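S.K.: My questions all concern the structure below.
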Amino acid sequence: MMDQSNLSSLLSTAFFAGFISLAIYMWFIHPYLPMQQQRHAPPAPSPQLQQEQQDKSASSTSKASQVPSHVSDQSAKIASSNGQNLLRDGLVAFVHTRAATDQETLSLHRTDRATVLAKLTLYSKVENENGSIKTTQPVLISPPAKGSIVIVAVPVTDVGCTKLHRVLYLLATYYNLILVLGDADESHANDAAAYKASLVQQLRTAQEHAALSSAILPNHRIILSSTITGRVALVRQVEKAELVLDYDVQVEQQLERFNRKVITYGGLSSCQPKREGVSALGGELLSQ
(Lines give C-alpha, C1' and ligand atoms only; values in the text may rest on other atoms or scores of the structure.)
Protein backbone atom coordinates (compact mmCIF):
# COMPACT_ATOMS: atom_id res chain seq x y z
CA MET A 1 0.00 0.00 0.00
CA MET A 2 1.09 3.52 -0.76
CA ASP A 3 2.08 5.40 2.38
CA GLN A 4 1.07 8.93 3.20
CA SER A 5 4.35 10.51 2.08
CA ASN A 6 4.25 8.89 -1.38
CA LEU A 7 0.65 10.02 -1.90
CA SER A 8 1.50 13.57 -1.02
CA SER A 9 4.47 13.52 -3.39
CA LEU A 10 2.29 12.22 -6.24
CA LEU A 11 -0.37 14.86 -5.69
CA SER A 12 2.26 17.58 -5.61
CA THR A 13 3.76 16.35 -8.87
CA ALA A 14 0.34 16.27 -10.58
CA PHE A 15 -0.50 19.73 -9.30
CA PHE A 16 2.84 21.10 -10.50
CA ALA A 17 2.43 19.53 -13.95
CA GLY A 18 -1.07 21.02 -14.31
CA PHE A 19 0.20 24.42 -13.26
CA ILE A 20 3.02 24.27 -15.82
CA SER A 21 0.56 23.24 -18.59
CA LEU A 22 -1.81 26.10 -17.72
CA ALA A 23 1.06 28.58 -17.68
CA ILE A 24 2.28 27.44 -21.11
CA TYR A 25 -1.22 27.72 -22.56
CA MET A 26 -1.88 31.18 -21.08
CA TRP A 27 1.54 32.66 -21.93
CA PHE A 28 2.37 31.06 -25.28
CA ILE A 29 -0.74 29.58 -26.98
CA HIS A 30 -3.77 31.63 -25.99
CA PRO A 31 -2.42 35.03 -27.16
CA TYR A 32 -1.98 33.68 -30.72
CA LEU A 33 -5.44 32.08 -31.14
CA PRO A 34 -7.34 35.31 -32.05
CA MET A 35 -4.62 36.13 -34.56
CA GLN A 36 -4.97 32.71 -36.20
CA GLN A 37 -8.78 32.95 -36.29
CA GLN A 38 -8.66 36.44 -37.73
CA ARG A 39 -6.16 35.30 -40.36
CA HIS A 40 -8.48 32.51 -41.60
CA ALA A 41 -11.77 34.43 -41.23
CA PRO A 42 -13.43 35.80 -44.42
CA PRO A 43 -12.99 39.53 -44.94
CA ALA A 44 -15.74 41.69 -43.53
CA PRO A 45 -18.00 43.24 -46.19
CA SER A 46 -17.56 46.90 -46.83
CA PRO A 47 -20.25 49.33 -45.58
CA GLN A 48 -21.39 49.86 -49.18
CA LEU A 49 -21.78 46.10 -49.75
CA GLN A 50 -23.67 45.73 -46.46
CA GLN A 51 -26.09 48.46 -47.52
CA GLU A 52 -26.61 46.84 -50.93
CA GLN A 53 -27.35 43.50 -49.28
CA GLN A 54 -29.85 45.11 -46.92
CA ASP A 55 -31.58 46.94 -49.81
CA LYS A 56 -31.75 43.72 -51.83
CA SER A 57 -33.25 41.83 -48.91
CA ALA A 58 -35.82 44.57 -48.29
CA SER A 59 -36.73 44.64 -51.98
CA SER A 60 -37.20 40.87 -52.11
CA THR A 61 -39.41 40.97 -49.03
CA SER A 62 -41.49 43.79 -50.51
CA LYS A 63 -41.96 41.99 -53.83
CA ALA A 64 -42.88 38.77 -52.09
CA SER A 65 -45.58 40.58 -50.12
CA GLN A 66 -47.14 42.14 -53.23
CA VAL A 67 -49.99 40.37 -54.99
CA PRO A 68 -51.92 41.33 -58.16
CA SER A 69 -54.97 43.54 -57.67
CA HIS A 70 -57.34 40.90 -59.11
CA VAL A 71 -56.45 38.41 -56.36
CA SER A 72 -59.15 38.04 -53.71
CA ASP A 73 -58.50 39.54 -50.28
CA GLN A 74 -58.49 36.15 -48.56
CA SER A 75 -55.99 34.65 -51.02
CA ALA A 76 -53.83 37.77 -50.78
CA LYS A 77 -53.59 37.33 -47.00
CA ILE A 78 -52.67 33.66 -47.40
CA ALA A 79 -50.02 34.44 -50.02
CA SER A 80 -48.51 37.23 -47.90
CA SER A 81 -48.37 35.15 -44.72
CA ASN A 82 -46.87 31.90 -45.95
CA GLY A 83 -45.92 32.48 -49.58
CA GLN A 84 -48.51 30.13 -51.05
CA ASN A 85 -48.23 29.83 -54.81
CA LEU A 86 -51.45 31.17 -56.34
CA LEU A 87 -50.49 30.31 -59.91
CA ARG A 88 -51.83 27.49 -62.01
CA ASP A 89 -50.66 26.98 -65.59
CA GLY A 90 -48.97 30.37 -65.52
CA LEU A 91 -52.04 32.34 -64.38
CA VAL A 92 -53.51 33.12 -60.99
CA ALA A 93 -55.90 30.24 -60.37
CA PHE A 94 -59.53 31.28 -60.84
CA VAL A 95 -60.43 30.22 -57.30
CA HIS A 96 -58.03 32.89 -55.96
CA THR A 97 -59.45 35.77 -58.02
CA ARG A 98 -61.96 38.45 -57.06
CA ALA A 99 -64.15 37.38 -59.96
CA ALA A 100 -64.64 33.97 -58.38
CA THR A 101 -65.64 35.41 -55.01
CA ASP A 102 -68.11 38.02 -56.28
CA GLN A 103 -71.27 36.79 -54.55
CA GLU A 104 -73.33 39.51 -56.21
CA THR A 105 -72.31 38.09 -59.58
CA LEU A 106 -73.48 34.61 -58.65
CA SER A 107 -77.01 35.78 -57.83
CA LEU A 108 -77.67 38.59 -60.31
CA HIS A 109 -76.30 37.05 -63.51
CA ARG A 110 -77.19 33.39 -63.17
CA THR A 111 -79.84 33.47 -65.93
CA ASP A 112 -77.70 35.30 -68.50
CA ARG A 113 -74.71 33.10 -67.77
CA ALA A 114 -76.84 29.99 -68.25
CA THR A 115 -77.92 31.39 -71.63
CA VAL A 116 -74.31 31.97 -72.69
CA LEU A 117 -73.17 28.51 -71.60
CA ALA A 118 -76.14 26.89 -73.33
CA LYS A 119 -75.22 28.65 -76.59
CA LEU A 120 -71.67 27.35 -76.29
CA THR A 121 -72.86 23.75 -76.04
CA LEU A 122 -74.44 23.87 -79.52
CA TYR A 123 -71.43 24.08 -81.77
CA SER A 124 -71.92 24.39 -85.52
CA LYS A 125 -68.62 23.88 -87.31
CA VAL A 126 -67.85 26.57 -89.86
CA GLU A 127 -65.98 25.44 -92.96
CA ASN A 128 -64.40 27.39 -95.78
CA GLU A 129 -65.22 25.53 -98.98
CA ASN A 130 -63.90 26.99 -102.25
CA GLY A 131 -63.92 30.48 -100.81
CA SER A 132 -67.45 30.26 -99.41
CA ILE A 133 -68.51 29.76 -95.79
CA LYS A 134 -70.57 26.67 -95.00
CA THR A 135 -72.09 25.86 -91.61
CA THR A 136 -72.68 22.25 -90.60
CA GLN A 137 -75.44 20.94 -88.39
CA PRO A 138 -75.05 21.84 -84.68
CA VAL A 139 -73.13 19.35 -82.56
CA LEU A 140 -73.68 19.12 -78.80
CA ILE A 141 -70.43 19.69 -76.85
CA SER A 142 -69.61 20.14 -73.18
CA PRO A 143 -68.50 23.63 -72.13
CA PRO A 144 -65.27 23.87 -70.12
CA ALA A 145 -65.46 23.42 -66.36
CA LYS A 146 -65.68 26.51 -64.18
CA GLY A 147 -62.28 28.12 -63.69
CA SER A 148 -60.81 26.79 -66.96
CA ILE A 149 -58.69 28.99 -69.21
CA VAL A 150 -60.75 30.36 -72.10
CA ILE A 151 -59.39 32.59 -74.88
CA VAL A 152 -61.78 34.97 -76.63
CA ALA A 153 -60.82 36.99 -79.70
CA VAL A 154 -62.87 39.98 -80.84
CA PRO A 155 -62.12 42.57 -83.50
CA VAL A 156 -61.10 45.97 -82.16
CA THR A 157 -64.12 47.54 -83.91
CA ASP A 158 -66.40 45.69 -81.48
CA VAL A 159 -64.95 46.98 -78.20
CA GLY A 160 -67.64 49.64 -77.86
CA CYS A 161 -70.50 47.14 -77.97
CA THR A 162 -72.48 46.97 -74.72
CA LYS A 163 -73.56 43.37 -75.30
CA LEU A 164 -69.94 42.40 -75.80
CA HIS A 165 -69.04 43.96 -72.46
CA ARG A 166 -71.72 41.91 -70.77
CA VAL A 167 -70.70 38.65 -72.44
CA LEU A 168 -67.08 39.22 -71.47
CA TYR A 169 -68.14 39.98 -67.90
CA LEU A 170 -70.17 36.77 -67.71
CA LEU A 171 -67.27 34.73 -69.11
CA ALA A 172 -64.65 36.46 -66.94
CA THR A 173 -66.63 35.71 -63.76
CA TYR A 174 -66.86 32.02 -64.64
CA TYR A 175 -63.59 31.30 -66.47
CA ASN A 176 -59.98 32.46 -66.37
CA LEU A 177 -60.48 34.66 -69.42
CA ILE A 178 -57.82 35.89 -71.84
CA LEU A 179 -59.11 38.53 -74.25
CA VAL A 180 -57.44 39.09 -77.63
CA LEU A 181 -58.29 42.27 -79.52
CA GLY A 182 -57.75 41.24 -83.11
CA ASP A 183 -57.20 43.22 -86.31
CA ALA A 184 -55.36 45.85 -84.30
CA ASP A 185 -54.33 48.87 -86.34
CA GLU A 186 -50.64 48.42 -87.17
CA SER A 187 -50.24 52.16 -87.66
CA HIS A 188 -50.20 52.42 -83.85
CA ALA A 189 -47.06 50.29 -83.53
CA ASN A 190 -45.08 53.25 -82.18
CA ASP A 191 -47.69 54.11 -79.53
CA ALA A 192 -49.03 50.63 -78.80
CA ALA A 193 -49.39 51.31 -75.06
CA ALA A 194 -51.57 54.37 -75.60
CA TYR A 195 -53.56 52.58 -78.32
CA LYS A 196 -54.25 49.63 -76.01
CA ALA A 197 -55.16 51.98 -73.16
CA SER A 198 -57.80 53.68 -75.32
CA LEU A 199 -59.34 50.33 -76.26
CA VAL A 200 -59.28 49.06 -72.68
CA GLN A 201 -60.98 52.25 -71.53
CA GLN A 202 -63.88 51.49 -73.87
CA LEU A 203 -64.12 47.98 -72.43
CA ARG A 204 -64.20 49.39 -68.91
CA THR A 205 -67.31 51.43 -69.63
CA ALA A 206 -69.29 51.32 -66.39
CA GLN A 207 -72.42 49.21 -66.36
CA GLU A 208 -74.63 48.64 -63.36
CA HIS A 209 -73.73 45.32 -61.73
CA ALA A 210 -71.54 44.32 -64.70
CA ALA A 211 -68.49 46.56 -64.84
CA LEU A 212 -65.59 44.86 -66.61
CA SER A 213 -63.10 46.31 -64.14
CA SER A 214 -59.43 45.39 -63.80
CA ALA A 215 -60.38 43.27 -60.76
CA ILE A 216 -62.50 41.10 -63.08
CA LEU A 217 -60.29 41.19 -66.20
CA PRO A 218 -56.79 42.56 -65.48
CA ASN A 219 -54.96 44.50 -68.16
CA HIS A 220 -52.22 41.89 -68.63
CA ARG A 221 -54.88 39.44 -69.85
CA ILE A 222 -55.99 41.83 -72.62
CA ILE A 223 -53.71 41.38 -75.63
CA LEU A 224 -53.49 43.14 -78.98
CA SER A 225 -52.97 41.17 -82.18
CA SER A 226 -53.01 42.46 -85.75
CA THR A 227 -52.91 39.13 -87.62
CA ILE A 228 -54.42 35.67 -87.68
CA THR A 229 -50.93 34.23 -87.34
CA GLY A 230 -50.47 36.17 -84.12
CA ARG A 231 -53.71 34.85 -82.64
CA VAL A 232 -52.84 31.28 -83.56
CA ALA A 233 -49.38 31.64 -82.02
CA LEU A 234 -50.89 33.00 -78.80
CA VAL A 235 -53.28 30.06 -78.45
CA ARG A 236 -50.43 27.60 -79.00
CA GLN A 237 -48.44 29.23 -76.21
CA VAL A 238 -51.29 28.83 -73.72
CA GLU A 239 -51.16 25.05 -73.56
CA LYS A 240 -53.95 24.61 -70.99
CA ALA A 241 -56.58 26.69 -72.79
CA GLU A 242 -59.78 24.61 -72.80
CA LEU A 243 -61.70 26.68 -75.35
CA VAL A 244 -61.01 29.34 -77.97
CA LEU A 245 -63.67 31.66 -79.38
CA ASP A 246 -62.62 33.40 -82.58
CA TYR A 247 -64.35 35.27 -85.37
CA ASP A 248 -62.25 33.93 -88.28
CA VAL A 249 -62.60 30.37 -89.57
CA GLN A 250 -58.92 30.32 -90.54
CA VAL A 251 -57.96 30.33 -86.86
CA GLU A 252 -60.06 27.22 -86.27
CA GLN A 253 -58.62 25.50 -89.34
CA GLN A 254 -55.00 26.24 -88.36
CA LEU A 255 -55.50 25.05 -84.79
CA GLU A 256 -57.24 21.79 -85.71
CA ARG A 257 -53.93 19.95 -86.10
CA PHE A 258 -53.00 20.94 -82.53
CA ASN A 259 -56.20 19.40 -81.14
CA ARG A 260 -57.51 22.71 -79.81
CA LYS A 261 -61.21 23.20 -79.22
CA VAL A 262 -62.08 26.29 -81.27
CA ILE A 263 -65.52 27.78 -81.89
CA THR A 264 -65.96 30.30 -84.68
CA TYR A 265 -68.71 32.84 -84.08
CA GLY A 266 -70.61 31.85 -87.20
CA GLY A 267 -70.80 28.34 -85.80
CA LEU A 268 -72.92 29.36 -82.84
CA SER A 269 -75.96 30.61 -84.72
CA SER A 270 -76.78 32.56 -87.86
CA CYS A 271 -74.02 35.11 -88.21
CA GLN A 272 -75.08 38.75 -87.97
CA PRO A 273 -73.68 41.27 -90.44
CA LYS A 274 -70.58 42.91 -89.00
CA ARG A 275 -71.08 46.58 -88.21
CA GLU A 276 -68.79 48.79 -86.22
CA GLY A 277 -69.91 48.88 -82.59
CA VAL A 278 -72.16 45.83 -82.98
CA SER A 279 -70.51 42.66 -81.68
CA ALA A 280 -71.31 39.36 -83.37
CA LEU A 281 -70.22 37.52 -80.23
CA GLY A 282 -72.40 39.61 -77.94
CA GLY A 283 -75.39 39.37 -80.24
CA GLU A 284 -75.18 35.60 -80.66
CA LEU A 285 -74.46 34.55 -77.08
CA LEU A 286 -77.09 36.81 -75.51
CA SER A 287 -79.82 36.44 -78.13
CA GLN A 288 -82.91 34.59 -76.97
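The values are calculated or read from the model by the stated rules, or taken from the named source; none is laboratory data. Only a predicted model underlies this, so the values are computations on that prediction, with no experimental measurement involved. Here the Cβ is made from the backbone with ideal geometry for all residues, glycine too, and neighbour counts use every protein chain on show. Each accessible area value is taken on the protein alone, full model and side chains, heavy atoms only, with ligands, DNA and RNA left out. Shrake-Rupley method; radii C 1.70, N 1.55, O 1.52, S 1.80 Å.
S.K.: Around LEU91, which amide H atoms from residues at least 5 apart in sequence, or from another chain, sit under 5 Å from its own amide H, with H modelled in the peptide plane?
M.R.: Those lying under 5 Å, H to H, from LEU91: there are none.
S.K.: Next up: Please report the net charge: other residues with Cβ closer than 10 Å to the Cβ of GLU284, K and R +1, D and E -1. List each step's numbers first, then the result.
M.R.: Details: positive: LYS119, LYS163; negative: none.
Summing Lys/Arg as +1 and Asp/Glu as -1 gives +2.
S.K.: Count the net charge of all other residues whose Cβ sits under 11 Å from the Cβ of ASP89, scoring Lys and Arg as +1 and Asp and Glu as -1.
M.R.: Value of the local net charge: 0.
S.K.: Long-range amide H contacts for LEU245: which residues qualify at under 5 Å (H placed 1.01 Å from N, peptide plane, sequence gap of 5 or more or a different chain)?
M.R.: When sequence neighbours closer than 5 places are left aside, the close amide H contacts are ILE151, VAL152, ALA153, ILE263.
S.K.: Oh, and also: What do you reckon, how do PHE94, PHE258 stack up by accessible area (1.4 Å probe), largest on top?
M.R.: Working: PHE94 15, PHE258 65 Å².
Listed by decreasing accessible area, they come as PHE258, PHE94.
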